[in-house]
Amino acid sequence: MNKYLFIFISFIAFSCANESDPEADKSNFVRIYDSNRYNASFNPIDMQQTPDGGYLFLGSRRLAESNFSGVYLMKVDELGAFVSEQLVDEEYLNPVGDLLFLNDKYYFFCMAAVSFQTQLIEVDTDGAIIEVYNVGGSYPTAAAADGSNFILLGYDNGSKESVLSIVNETGSVLQATGYSVGAGDAVEEPIINHFLRTGRQFPFQVGKTSGGQYFYNGFYNYTFSLVFTDLGGGGLGVVQGQQDDGGLSRVIQLNGNTYATARFNFGDNYFLPNTSLNTSGISSSTDLGGFSLPELVRNAPVKILVSKINEKDVILYASNTKSGQIGIYVYDQSTGEFLGSKYLGFSNPFEVNSIIHTADDGIAIGATTYVTGRFPRITLFKLSTEELSAIF
């Protein structure tokens, strides 16, 4: 593995905070992390706040000798100041979210450069690699924590199946079930283009409901669909999309069959902050309706966070607007009523990658901006409870 290679970091901070107040300084800020590797590209994938109040980023980086993305890890402190980075060896490619926290350690999935087999990488709070475990299988697409294990979604290009696996913290596969994406090269083409980043980036997701059902958002039976399953071949529920032109952008369970979700359909975007999903039968995402968001970019990526603002249970949606800003849209959790919005960004275009709660009851947003409009750089927005309270 490469050791830390320190780079020049350019900070841009815009905040209402009093510069003499350290607590205020770490409550509201914006940081853009530039690099003296001028033509390098860094994109955040996910982040976690670490016990010291800082932030650990999992990101991808462009590689000159590969069609796949390399792995990048960066640690910053509670004020957003750069601490360290890891340009992970090019033996490991295609990192996927989430950045997972389990037993006081951090993990993520990627794949080996030669075999394309899935790898589980364990890192410390500064992003230094502790251990690498070979999982097997190929093309990881999404992961989530599940108690003492992980849920992994991957694509098996040999059998042309979406594969849902339960993996323990040392990379052993405890259970795996495959779901056919359909026959023929046409159905596989958008999937491979996703991995090579030459086509649309699909909102793959995986998780487990409070009732014990597993689910994945990915390809099934020729269509990008939300699939519910018990991993035993039974209890299948499918919310179908429109081949690769429509489907769900993000899914968060609220309670029972009630979800906060978003969908895309031939470029259009819709938010559904309080909707019922059929988890045991066949349904269509186009029948779900939702609030149309014409200000968002085509097939916009969406992040959803269940939160509390002004003593009210709310749902935060974050997505990318046509104006180059990140829009934050707030809805009442119980009624789905729209409460207000806030826009992040200035000068350069910004794109959202992750949104998390912070220890001071604020939120942090990991984002991408572009140097000279071309080269992706990681950005961190930190918003305090006071700033969130001003939304409505």
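Worth pointing out:
- Filtering segment 134-149 to residues that are under 22 Å from LEU226 (Cβ atoms) and either assigned to a strand (DSSP E or B) or over 20 Å from the mean Cα position of the chain (by Cα) (or both) leaves GLY137, PRO140, THR141, ALA142, ALA143, ALA144, ALA145, ASP146, ASN149.
- Within segment 236-265, considering residues that are under 16 Å from SER162 (Cβ atoms) and of a type outside the set (Gly, Ala, Ser), the one most open to solvent (accessible area, probe 1.4 Å): GLN243
- Residue within segment 74-82 that is open to solvent by less than 60 Å² (accessible area, probe 1.4 Å), out of contact with any Gly (no Cβ under 9 Å at 6 or more places or on another chain) and part of a strand (DSSP E or B) present: yes
- Test: residue in segment 81-93 that is small (Gly, Ala, Ser), over 20 Å from the mean Cα position of the chain (by Cα), at pLDDT 90 or above and within 15 Å of GLY366 (Cα to Cα): yes
For every residue, the table says whether it meets (1) of a type in the set (Asp, Glu); (2) at pLDDT below 95; (3) closer than 25 Å to GLY54 by Cβ.
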position	(1), (2), (3)
ASP313	yes, no, no
LEU316	no, no, yes
ILE328	no, no, yes
ASP332	yes, no, no
GLU337	yes, no, no
LYS342	no, no, yes
PRO349	no, yes, no
VAL352	no, no, yes
ALA364	no, no, yes
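- Count of residues meeting criterion [in a strand (DSSP E or B), over 18 Å from the mean Cα position of the chain (by Cα) and of a type outside the set (Gly, Ala, Ser)] in segment 104-117: 2
- Within segment 150-235, strands (runs of 3 or more DSSP E) holding 3 or more residues that are surrounded by fewer than 18 Cβ atoms within 10 Å (Cβ to Cβ): 173-180
- Candidates are the residues of segment 363-392 that are assigned to a strand (DSSP E or B) and hydroxyl-bearing (Ser, Thr, Tyr); the one that is farthest from ILE328 (Cα to Cα) is TYR370.
- When GLU131 is tested against the conditions (1) modelled with pLDDT of 95 or more; (2) under 20 Å from the mean Cα position of the chain (by Cα); (3) surrounded by fewer than 18 Cβ atoms within 10 Å (Cβ to Cβ), the lone failure is (2).
- Of everything in segment 97-125 that is modelled with pLDDT under 95 and β-branched (Val, Ile, Thr), the residue that is most open to solvent (accessible area, probe 1.4 Å) is VAL114.
- Any hit, segment 364-374, residues being charged (D, E, K, R) and in contact (Cβ under 8 Å) with a residue 24 or more places away in the chain: no
- Considering the conditions (1) at pLDDT 90 or above; (2) closer than 17 Å to ASN348 by Cα; (3) open to solvent by 50 Å² or more (accessible area, probe 1.4 Å), ILE12 is excluded by exactly one of them, (1).
- Residues in segment 366-383 that are more than 17 Å from the chain's Cα centre (by Cα) and at pLDDT below 95 were compared, and the one that is most open to solvent (accessible area, probe 1.4 Å) is ARG374.
- Total residues in segment 266-292 satisfying the condition of being open to solvent by 50 Å² or more (accessible area, probe 1.4 Å), part of a loop (DSSP other than H, G, I, E, B) and farther than 28 Å from GLY199 by Cα: the figure is 2.
- Among the residues of segment 32-68, the one identified as of a type in the set (Lys, Arg) and part of a strand (DSSP E or B) is ARG61.
The values are calculated or read from the model by the stated rules, or taken from the named source; none is laboratory data. All values reported here derive from a predicted model rather than from experimental measurement. Cβ: placed from backbone, ideal geometry, glycine included. Neighbour counts: every protein chain shown. Only protein heavy atoms, including side chains, enter the accessible area calculation; ligands, DNA and RNA are left aside. Shrake-Rupley method; radii C 1.70, N 1.55, O 1.52, S 1.80 Å.
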